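Asks: Following this message is one structure expressed as structure tokens.
The values are calculated or read from the model by the stated rules, or taken from the named source; none is laboratory data. All of these numbers come straight from a predicted model, not from anything done at the bench. Cβ sites come from the backbone with ideal geometry, for glycine too, and all protein chains shown count toward neighbours.
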Amino acid sequence: MTFSRATGHRRISRRTVPAPDPQLRGTPNRPGRHRFLEWDDYRVEREWRRYEGTPLRDLYRDLRERFLARHRPSQRGRSLEIGPGPGRFTRLVGHPEDRVVLLELSRAMLERIRLETGERAPSSLDLVQGDAVTPPFRPGAFHQVAMLGNVLGFAESDASALLTRTAELVGPSGALLLEFVAGPGERSRYLHRLPPGAIARLLAAPLRAVEPRVQREGFEPVAGRETGRRHFRRFMASEIASRLRLAGFELREVIAVAPCLGNDASRLMAARASPTAWSRLLDLEEAIGREPARQTRAAAILVAAKRPLV
């Protein structure tokens, strides 16, 4: 692959990860950049395990995987994942036979991707160390661009420029997949007042019987998510939707992540113990999450948008 405007970016083969590029050290007016450039193996390992080990992590992982699966391209092309981290969701980006490009600031993250993918990687996987605010790709180069994991929020003052540059990379009839944080998260009052043992039994009922009860009693913010200083910027779904429409995109899905059980560990564990209850919970979370009212305080928002052919 040949890149224009490649200064400050490094292409990394799957077999060899070079020394960090000094040009990627950035300047003081690029907040948040250094902590990703300087991640070590310990932090990379923690990031890899962020979506496993507890029912809450399983929930977040499964909802993201279902979202990506719903929006996989039906035809082959070239796809891009911005800020893939250690590559947790890379296998679901683009068509299964796509040429996939991964653009990541952290060299340590790219090394982990190389180790994790191995022979299971797409038929063509390009690892590029670089900054998505100044991407080394021509506009319209990809038929799907995914930016998950709150990359947009962590860009802080560069977020507006990052969103603009990312949207420009999507070609005609291509798709843009985004994730960002709106609020501290919330949970259903109805489900929270039920004993954990009753959750699995309730979720055996059809979705149409459970959803009205959840909607009727409303929602409340989750506790314990506002500790410490936040190192990212929050966005309202309406703000991102407006930006995308102005850029010529059509919204295909906007969904709040986990508004029903929130971070309620005991009730999540009860649902996780039953495959039927877990599957029904995922369906319920998605149905409730598509309600615009649930998107103002969501711990995460997933957006799928499509650029028209003309």
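Asks: For the stretch 1-102, give me every one of the helices (runs of 4 or more DSSP H) that falls completely inside it and has 2 or more residues that are at pLDDT 90 or above.
Replies: Details: elements: 33-37, 41-48, 55-70.
Answer list for the stretch 1-102: 55-70.
Asks: May I ask you to list pairs of residues, at least six apart or on different chains, whose Cβ atoms are under 9 Å apart, with the first in the stretch 48-62 being touching a residue at least 40 places away in the same chain (Cβ under 8 Å) and under 21 Å from Leu110 (Cβ atoms) and the second being in a helix (DSSP H, G or I) and not hydroxyl-bearing (Ser, Thr, Tyr)?
Replies: Trp48/Arg112; Trp48/Glu116
Asks: Pairs, please: C-beta under 8 Å, at least 6 apart or cross-chain, first residue closer than 18 Å to Lys306 by Cα and in the stretch 139-158, second hydroxyl-bearing (Ser, Thr, Tyr)?
Replies: Matching pairs, first to second residue: Phe142/Ser79; His143/Ser79; His143/Ser173; Gln144/Ser79; Val145/Ser79; Val145/Thr166; Ala146/Ser79; Met147/Thr166.
Yes or no, residue by residue, for (1) of a type in the set (D, E, K, R); (2) exposed (fewer than 15 other Cβ atoms within 10 Å of the Cβ); (3) part of a strand (DSSP E or B):
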{"site": "Pro136", "(1), (2), (3)": "no, no, no"}
{"site": "His143", "(1), (2), (3)": "no, no, yes"}
{"site": "Ala146", "(1), (2), (3)": "no, no, yes"}
{"site": "Gly149", "(1), (2), (3)": "no, no, no"}
{"site": "Ser160", "(1), (2), (3)": "no, yes, no"}
{"site": "Leu163", "(1), (2), (3)": "no, no, no"}
{"site": "Thr166", "(1), (2), (3)": "no, no, no"}
{"site": "Arg187", "(1), (2), (3)": "yes, no, yes"}
{"site": "Val214", "(1), (2), (3)": "no, no, no"}
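Asks: Report every pair of residues separated by at least 6 positions or lying on different chains whose Cβ atoms are under 8 Å apart, first residue within the stretch 233-249 and in contact (Cβ under 8 Å) with a residue 60 or more places away in the chain, second of a type in the set (Val, Ile, Thr) and part of a helix (DSSP H, G or I).
Replies: Ala247/Thr164
Asks: Let me ask something additional. Exactly one condition in (1) outside any loop (DSSP other than H, G, I, E, B); (2) out of contact with any helix residue (DSSP H, G or I) (no Cβ under 9 Å at 6 or more places or on another chain) is false for Leu309; which is it?
Replies: (1)
Asks: Picking from Arg272, Arg243, Arg233, which residue would you name as being farther than 22 Å from Tyr60 by Cα and surrounded by fewer than 21 Cβ atoms within 10 Å (Cβ to Cβ)?
Replies: Working: Arg272 fails: farther than 22 Å from Tyr60 by Cα; Arg233 fails: farther than 22 Å from Tyr60 by Cα.
Among Arg272, Arg243, Arg233, only Arg243 is farther than 22 Å from Tyr60 by Cα and surrounded by fewer than 21 Cβ atoms within 10 Å (Cβ to Cβ).
Asks: Against the conditions (1) farther than 10 Å from Pro259 by Cα; (2) at pLDDT below 95, where does Leu302 fall short? Just the number, please.
Replies: For Leu302, the exception is condition (2).
Asks: If you don't mind, there's one more thing I want to ask. Quick check on Arg225: is it modelled with pLDDT under 90, farther than 23 Å from Leu191 by Cβ, part of a loop (DSSP other than H, G, I, E, B) and out of contact with any His (no Cβ under 9 Å at 6 or more places or on another chain)?
Replies: Details: modelled with pLDDT under 90: yes; farther than 23 Å from Leu191 by Cβ: no; part of a loop (DSSP other than H, G, I, E, B): yes; out of contact with any His (no Cβ under 9 Å at 6 or more places or on another chain): yes.
Considered against the rule, which asks whether it is modelled with pLDDT under 90, farther than 23 Å from Leu191 by Cβ, part of a loop (DSSP other than H, G, I, E, B) and out of contact with any His (no Cβ under 9 Å at 6 or more places or on another chain), Arg225 comes out as no.
Asks: How many residues does the stretch 254-284 contain that are in contact with a Leu (Cβ under 7 Å, 6 or more places away or on another chain) and not in a helix (DSSP H, G or I)? Give the steps one after another, and end with the answer.
Replies: Within the stretch 254-284, the subset in contact with a Leu (Cβ under 7 Å, 6 or more places away or on another chain) is 255, 257-258, 260-261, 263, 265, 267-268, 271, 277, 280-284.
Filter again for not in a helix (DSSP H, G or I), leaving 255, 257-258, 260-261, 263.
Number satisfying all stated conditions: 6.
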